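The structure appears below as structure tokens.
The values are calculated or read from the model by the stated rules, or taken from the named source; none is laboratory data. Since the structure is predicted, the reported quantities are computational estimates derived from the model, not experimental observations. With ideal geometry, Cβ positions are generated from the backbone for all residues, glycine too; neighbour counts draw on all protein chains shown. Side chains included, ligands, DNA and RNA excluded: accessible areas come from the protein's heavy atoms. Shrake-Rupley method; radii C 1.70, N 1.55, O 1.52, S 1.80 Å.
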Amino acid sequence: MQIQYIFIIFAIMIVASALFVLWSKNVVHSAFMLFFTFIGVAGIFVFANADYLAVAQIMIYVGGILILLVFGILLTNKPNKDKIGVTNTVETTNYNRLLGGGVAILLFSGLFFVVPRIPFTRLEAHNFEQFEPLKSTVKNIGIYLITENSLPFEAIALLLFGALIGAGYIAKLTLNEETFQGKKIKK
Amino acid sequence: MEIPLTYFLILSAMLFSIGLAIVIVKRHTIVILMGIELMLNAVNINLVAFSRNDTMLRGQSLSLFILVVAAAEAVVVLAIILLAYKHFKSVNMDDFSELHG
């Protein structure tokens, strides 16, 4: 019974920090709160027997994407030179609050009423051959990545290569007067 | 002792709705990207929960690919945001309304 309470603690952590991102206007605070969401999702993965994915989630999301987001915030922020000694805050404006909240609440209430009524009987444990207790999934993931899932694996490799080259090329494009058909760029 | 599948699904529905609300409500480009990441995380929770008893790990493999696609997408989107910031001097979505053919 206690393991359910731990699950609920993780769930509360995820939802509370995600709601903070929705509520807060300060972009940097949102980025730091996203850390708790990603860590919580990694914890949820552990509850679903996905130990490798939990570690991958921490490495990719917390160590990669979150750092990238913080770098993005830093590089697109211009310090306010008029007010010296005042803390610079990066703020976002909210827009369509009622529409956004309404759509989200509608979607959630629909899912909340539908999902518990679906009988997922095929997914119950006795339909599958059983996991050995305390067995890691790393070996099986490795085997299936290069046997059954080898085509998506290669496709992912190509996608990453393309993203690497594309991001480098896009970020190094310099904007001079010729780039946008002779139109002067405001400095 | 197993946690019911419904718990995972409702948590994922909650996270997806919050991400959708962030994408609709916020105007800062990077915060919109955060909302998209939250929605991808919700999808990942669903996939992992469904493949919880599966020794073939089909859902977990798909979830691994989603993780990689999310990373690639974040990199490209941030490069585009940096370029747009150079041009428009702003990261507000409403300022990106000018087209150059």
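Taking the criterion of being loosely packed, with under 14 Cβ neighbours inside 10 Å, facing chain B (nearest Cβ under 10 Å) and either at pLDDT 80 or above or within 16 Å of A:Ala50 (Cβ to Cβ) (or both), the residues of segment A:118-138 that qualify are A:Ile118, A:Phe120, A:Ala125, A:Glu132, A:Lys135. Screening A:Phe71 with (1) crowded, with 16+ Cβ neighbours inside 10 Å; (2) at pLDDT 90 or above gives one miss only, at (1). Name the single residue that is surrounded by the most Cβ atoms within 10 Å (Cβ to Cβ) among those in segment B:1-34 being more than 7 Å from every other protein chain (Cβ to nearest Cβ) and of a type in the set (Val, Ile, Thr). Across segment B:1-34, the extreme among qualifying residues is B:Thr29. Only one entry of A:Gly101, A:Gly85 meets the criterion of being at the interface with chain B (Cβ under 7 Å from one of its Cβ atoms) and farther than 29 Å from B:Asn53 by Cα, and that entry is A:Gly101.
Could you please find all residues in segment A:1-29 being open to solvent by less than 30 Å² (accessible area, probe 1.4 Å) and in contact with a Phe, Trp or Tyr (Cβ under 7 Å, 6 or more places away or on another chain)? It would help to see each step written out before you state the result.
The initial filter retains those residues of segment A:1-29 that are open to solvent by less than 30 Å² (accessible area, probe 1.4 Å), namely A:4, A:7, A:11, A:14-15, A:17-18, A:21, A:24, A:26-27.
Result: A:Phe7, A:Ser17.
Filtering segment A:139-153 down to residues that are free of Cβ contacts under 8 Å to residues at least 60 places away in the same chain and under 23 Å from the mean Cα position of the chain (by Cα), which residue is most open to solvent (accessible area, probe 1.4 Å)? Once the filter is applied, the top-ranked residue is A:Phe153.
Return a yes/no flag: does segment A:47-55 have any residue that is at the interface with another protein chain (Cβ under 7 Å from one of its Cβ atoms) and either touching a Lys or Arg at 6+ places or on another chain (Cβ under 7 Å) or farther than 22 Å from A:Phe10 by Cβ (or both).
So the first thing to find is which residues in segment A:47-55 are at the interface with another protein chain (Cβ under 7 Å from one of its Cβ atoms), and the list is A:47-50, A:53.
Imposing the further condition that a residue be either touching a Lys or Arg at 6+ places or on another chain (Cβ under 7 Å) or farther than 22 Å from A:Phe10 by Cβ (or both) reduces the set to A:48-49.
Among the residues of segment A:47-55, at least one is at the interface with another protein chain (Cβ under 7 Å from one of its Cβ atoms) and either touching a Lys or Arg at 6+ places or on another chain (Cβ under 7 Å) or farther than 22 Å from A:Phe10 by Cβ (or both), which makes the answer yes.
Identify the residue in segment B:45-64 that is facing chain A (nearest Cβ under 7 Å) and of a type in the set (S, T, N, Q) and, among all such residues, is surrounded by the fewest Cβ atoms within 10 Å (Cβ to Cβ). Only one residue tops the list, namely B:Thr55.
For segment A:88-117, which positions are touching a strand residue (DSSP E or B) at 6+ places or on another chain (Cβ under 8 Å) and open to solvent by less than 80 Å² (accessible area, probe 1.4 Å)? Step through it out loud before you land on a result.
Filtering segment A:88-117 down to residues touching a strand residue (DSSP E or B) at 6+ places or on another chain (Cβ under 8 Å) leaves A:89-95.
Result: A:Thr89, A:Val90, A:Thr92, A:Thr93, A:Asn94.
Considering only residues in segment B:35-44 that are among the hydrophobic types (A, V, I, L, M, F, W, C) and open to solvent by less than 10 Å² (accessible area, probe 1.4 Å), the one that is nearest to the other protein chains (Cβ to nearest Cβ) turns out to be B:Leu38. Set side by side, the residues B:Gly59, B:Gly35, B:Gly19 differ, and just one is of a type outside the set (Asp, Glu) and within 17 Å of A:Phe128 (Cβ to Cβ), which is B:Gly59. Considering only residues of segment B:70-82 that are within 7 Å of chain A (Cβ to nearest Cβ) and open to solvent by 20 Å² or more (accessible area, probe 1.4 Å), which is farthest from A:Leu160 (Cα to Cα)? Residue satisfying both the conditions and the ranking: B:Leu82.
Examine segment A:1-9 for a residue that is of a type outside the set (Val, Ile, Thr) and at pLDDT 90 or above, and state whether such a residue exists. So that I can check it myself, show each step before the final result.
Going residue by residue through segment A:1-9, those that are of a type outside the set (Val, Ile, Thr) are A:1-2, A:4-5, A:7.
Still in the running and at pLDDT 90 or above: A:5, A:7.
Yes - at least one qualifying residue is present in segment A:1-9.
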